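The values are calculated or read from the model by the stated rules, or taken from the named source; none is laboratory data. Note that the structure is predicted; figures quoted are calculated from it, not measured. Ideal geometry is used to build each Cβ from the backbone, glycine not excepted, and the neighbour counts take in all protein chains shown. Remember, those area values only see protein heavy atoms, side chains included, never the ligands or the DNA or RNA. Shrake-Rupley method; radii C 1.70, N 1.55, O 1.52, S 1.80 Å.
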Amino acid sequence: MKVKHILNVPLTVFLLLLIVHPVWAQESEQTTKQKTSGGGRGMLQLSGQDVIVPITSIEWGTPDRWSITSRYVHMFGTDRDNKTWLHDLSISLSPGIAGGRLGIGYQGIFSPRSMKDFGIFTEARAILLRTWGNPLSTVPNRTFIGAEIRSSLSFLINLGIGYYSQISVSDDDREDFYGFHVGVGI
């Protein structure tokens, strides 16, 4: 048991270091060269409006414990420079130690013109959740549908809350619960 815990610490630190700079680079270090060459660090630009970000956050929460989120984003606007509000469609995949989430939703980014390195990221999404291993707040090997609301301040610290309803077992074994997540990234 101690060996697993010791191995998780370096892995967590490595993953934190891997995502912290690319998350900041998405909004604060965008240069003309990046715009014409196909994206910033850690991003795979598919087109002028479509991007895949392999790791956008590392989170801890219920029921999936530690998880990593990857994201596909479709940007509704083509001219995103000097805009206070940005609107996007997002599809996210969040595999975790005790469960995984697949989400689709709307994300908005508010960034005041006077504070270029500051932003508030908000997201509302529908979720398909599957548990395994030793999840928190529920039992393993169950499938749930739900909704989550998430927010991130300055694209660094994120908080989320969700409500999940079980769809994988008969009605008498049905379970609903609230979950939460806190993490680093968006």
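Taking θ as phi - 60° and the Karplus parameters 6.51, -1.76 and 1.60, the scalar couplings of the range 145-160 work out to 10, x, 9, 10, 10, 10, 8, 9, 9, 6, 6, 10, 9, 10, 10, x Hz in sequence order, x denoting glycine and proline. Note that the range 83-95 has calculated 3J(HN,Hα) couplings of 9, 7, 10, 10, 10, 9, 9, 10, 10, 10, 10, 10, x Hz, one per residue in order, obtained from phi through the Karplus relation 6.51 cos²θ - 1.76 cosθ + 1.60 (θ = phi - 60°); glycine and proline are x.
Among 160-166, 109-115, 70-76, 52-58, the peptide with the highest mean count of other Cβ atoms within 10 Å heads the list, and the full ranking is 52-58, 160-166, 70-76, 109-115. Within the full protein context, the accessible area of Lys116 is estimated at about 140 Å² for a probe radius of 1.4 Å. Summarising the amide proton neighbourhood of Gly119: residues at separation of 5 or more, or on other chains, whose placed amide H is nearer than 5 Å comprise Ser154, Phe155.
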